[in-house]
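A short worksheet on the structure shown next.
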Amino acid sequence: MIKNTMTGRPWKSLVLAASLFMGAAANATPVLVVDADNHQVLHEEDAGVPWYPASTTKLMSALVVFEAIRAGEVNLTTPVVMSRNATKQAFLESGLVLGRTMTLEDALFAMITASANDVAVALAEAVASDEASFVQRMNETAARIGLTGTHFSNPNGLFDRKNYTTARDLALLGMEVDRLFPEYRRFFLASAVSIDGKELKSNNLLLTRFNGTVGMKTGFLCASGRNFVGLATRNGRRVMVVILGATTERERNERSAQYLTQAFDGRLSSNAGLLENLQNRADVAPEDMRIRLCTDKSAAYEASRDALYPMGLPGHETYLQDQIPAQIRAISTWATDIADDVPVPTRRPS
């Protein structure tokens, strides 16, 4: 009897536990595979259903920053300073404190590779007058490039019910970033950053285990599950994959690699037409995955997903067999005096 090393339970018990969640609930997560050259949809499941983007939001933040560089508003050496607002963000692993500063180039690596929520806000403040103005730019850009099912409320993807998107829109966003700014593809290739000696790895395992991967962004919240917007190229062909709501990193990575493999092998086809012609759904709200992923219900739900997608578990095929050298970006920061950031108290009335 094969055991699942993640849970220690016999594989047969996983299959039995899967019955608790089999059916619509187990399959209600969006998937989209697109030929990035001609925008033909190769496979889609609920691609127009709203979803919480989590850190895939940072793809739009990167696009806005890239456009600001091209417009001459900032450049790759512009200082990005950790403000009080930036250091108040949740899930901080960067180790950065108030006043630490890096170049805008390094900040892009920290935001994209390490998914640093604090650096995303600091970047927004370096490009725009404040975070709110940057978010306004994000939404204006979303409307301009045809993301009809998307709204952003922050630059890093932390949970907010007003921060939502769809697999369709994320595929369009990723391909637009790649099309408009090929000179910046390097920001999506790093598999780790080292910030003042502290190494932070990307959650995109495909960068070091799936040949041809050229990005792009992962994301996770309890409300969203594990999301992925990925782009890969083989034999001159480019394929985009979007997976939303995966349960484990193994599931997200293996399924992404599986879809890409099938697409490159010519085993995916659909009659869905062009990506732009997919319809976003305004009649439903984003799925909230917290009960399934971050409560006492999680073990049974994870078992159901393991039964559906066993790739990479002991005794099952893996699609992540390549060995690719890691690319690590070394980032050094320095101190900046931002005493002026301290609010000036108002005088007490006489």
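Note on the stretch 53-156: enclosed helices (runs of 4 or more DSSP H) holding 2 or more residues that are open to solvent by less than 10 Å² (accessible area, probe 1.4 Å) and closer than 19 Å to residue 196 by Cβ are 104-112, 117-127.
Scanning the stretch 289-307 for residues that are part of a helix (DSSP H, G or I) and open to solvent by 10 Å² or more (accessible area, probe 1.4 Å) turns up 290, 291, 292, 293, 298, 299, 300, 302, 307.
A single entry from 199, 249 fulfils the requirement of being among the acidic types (Asp, Glu), under 18 Å from residue 115 (Cα atoms) and in contact with a Lys or Arg (Cβ under 7 Å, 6 or more places away or on another chain): 249.
Restricting attention to the stretch 158-174, the residues being closer than 15 Å to residue 47 by Cα and not acidic (Asp, Glu) number 10. The single condition among (1) part of a loop (DSSP other than H, G, I, E, B); (2) over 17 Å from residue 165 (Cβ atoms); (3) touching a residue at least 24 places away in the same chain (Cβ under 8 Å) that residue 266 does not meet is (3).
So that you can scan it fast, the table gives a plain yes or no per residue for (1) part of a strand (DSSP E or B); (2) out of contact with any strand residue (DSSP E or B) (no Cβ under 6 Å at 6 or more places or on another chain); (3) modelled with pLDDT of 95 or more; (4) closer than 24 Å to residue 204 by Cβ:
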{"site": "223", "(1), (2), (3), (4)": "no, yes, yes, yes"}
{"site": "227", "(1), (2), (3), (4)": "yes, no, yes, yes"}
{"site": "231", "(1), (2), (3), (4)": "yes, no, yes, yes"}
{"site": "240", "(1), (2), (3), (4)": "yes, no, yes, yes"}
{"site": "258", "(1), (2), (3), (4)": "no, yes, yes, yes"}
{"site": "261", "(1), (2), (3), (4)": "no, yes, yes, yes"}
{"site": "270", "(1), (2), (3), (4)": "no, no, no, no"}
{"site": "279", "(1), (2), (3), (4)": "no, yes, yes, no"}
{"site": "286", "(1), (2), (3), (4)": "no, no, yes, yes"}
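Consider the stretch 29-52 and keep the residues that are more than 19 Å from the chain's Cα centre (by Cα) and assigned to a loop (DSSP other than H, G, I, E, B). The one that is surrounded by the most Cβ atoms within 10 Å (Cβ to Cβ) is 39. Within the stretch 177-206, the set of residues being open to solvent by less than 20 Å² (accessible area, probe 1.4 Å) and in a helix (DSSP H, G or I) comprises 177, 178, 187, 188, 206. Checked against (1) open to solvent by 40 Å² or more (accessible area, probe 1.4 Å); (2) more than 30 Å from residue 162 (Cα to Cα), residue 258 passes all but a single condition, namely (1). Contact map, the stretch 44-59: residues that are under 16 Å from residue 273 (Cβ atoms) and without any contact (Cβ under 8 Å) to a residue 24 or more places away in the chain paired with residues that are open to solvent by less than 10 Å² (accessible area, probe 1.4 Å) and hydrophobic (A, V, I, L, M, F, W, C), Cβ distance under 8 Å, separation 6+ or inter-chain. Pairs shown: 45/31; 45/32.
Counting only residues that are touching a residue at least 24 places away in the same chain (Cβ under 8 Å) and more than 16 Å from the chain's Cα centre (by Cα), the stretch 179-193 holds 4 of them.
The values are calculated or read from the model by the stated rules, or taken from the named source; none is laboratory data. All of these numbers come straight from a predicted model, not from anything done at the bench. Counting neighbours? That spans all protein chains shown, and the Cβs are built from the backbone with ideal geometry, glycine included. The accessibility values were calculated without ligands, DNA or RNA, using every heavy atom of the protein model including side chains. Shrake-Rupley method; radii C 1.70, N 1.55, O 1.52, S 1.80 Å.
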